[in-house]
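Note sheet for the following structure.
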Amino acid sequence: MTNAQKWVAAFLGLFLVLFILGRVTKKEETMPVANENYNEQSGQQPAEVDALTLIKQNGCITCHGQNLEGTKMAPALVDIKKHWSRDALINYLRNPGAYSGDERFEAYREKYKGIVMPSFGNLDVKDLGKIAEYLQTK
Ligand code: HEC
């Protein structure tokens, strides 16, 4: 082998080693991310974090209370599952004014006079679904 050939061989060898090292140390890119919304700090379930964030972002807590426990302005959001299916709740949130109501709602109208449950038809249906699912756990 001439000197030049030795150099070429050395470079090829080096290249090969680096290439293999690169492959071995490369991070597994296809590894599924468990849930991008998962909150590592609080360790809460993603669905819950999501819905809670949405509920805060959309001002539900302003009327319904920090923990949806009810205020002078709006009722507590409890026993929701007893009254609403997930889909009915989504429809209600999209257009609460259209809900003809029942005795419970008549009482609400009386008790929270002048306060109107706003419509959230501007929200993504997926987000409304998350909120509805979360409320059904209350
Ligand atoms: C401006 C105050 C206000 C805001 C903001 C508000 N609500 Fe309401 N909400 C009310 C009032 C008042 C009622 C009582 C029903 C009525 O008067 O129509 C109500 C009723 C409800 C009900 C029915 C409760 C039951 O017992 O069946 C649900 C569910 C609900 N709100 C969810 C939400 C969610 C979710 C948000 C945020 C996305 C929200 N509300 C934001 C005032 C508000």
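The values are calculated or read from the model by the stated rules, or taken from the named source; none is laboratory data. What you see is a predicted model, and the numbers here were worked out from it, not measured in a lab. Note that each Cβ is placed from the backbone with ideal geometry, even for glycine, and that neighbours are counted across all protein chains shown. Heads up: the accessible areas ignore ligands, DNA and RNA and are worked out on the full protein's heavy atoms, side chains in. Shrake-Rupley method; radii C 1.70, N 1.55, O 1.52, S 1.80 Å.
Can you tell me which residue among 129, 121 is more than 7 Å from the ligand (Cβ to nearest atom), among the small types (Gly, Ala, Ser) and not in a helix (DSSP H, G or I)? Full working, then the answer.
On the way: 129 fails: not in a helix (DSSP H, G or I).
From the options 129, 121, the qualifying one is 121.
Take the residues of the range 58-76 that are open to solvent by 30 Å² or more (accessible area, probe 1.4 Å) and within 6 Å of the ligand (Cβ to nearest atom): which is farthest from residue 104 (Cα to Cα)? Let's see the steps before the verdict.
Initially, the range 58-76 is screened for residues open to solvent by 30 Å² or more (accessible area, probe 1.4 Å), giving 58, 61-63, 66-67, 69, 71-73, 76.
Now drop any that are not within 6 Å of the ligand (Cβ to nearest atom), which leaves 58, 62-63, 73.
Details: 58: 24, 62: 21, 63: 18, 73: 15 Å.
Filtering first and then ranking leaves 58.
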(Q) So for the range 94-116 (the condition being part of a loop (DSSP other than H, G, I, E, B), hydrophobic (A, V, I, L, M, F, W, C) and open to solvent by 30 Å² or more (accessible area, probe 1.4 Å)), does at least one residue qualify? (A) yes
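Just the residues that are of a type in the set (D, E, K, R) and either within 6 Å of the ligand (Cβ to nearest atom) or over 20 Å from residue 127 (Cα atoms) (or both), please, taken from the range 77-110. It would help to see each step written out before you state the result.
To start, the set of residues in the range 77-110 that are of a type in the set (D, E, K, R) comprises 79, 81-82, 86-87, 94, 102-104, 106, 109-110.
Once the filter is applied, which keeps residues that are of a type in the set (D, E, K, R) and either within 6 Å of the ligand (Cβ to nearest atom) or over 20 Å from residue 127 (Cα atoms) (or both), the range 77-110 yields 79, 82, 102, 103, 104, 106, 109, 110.
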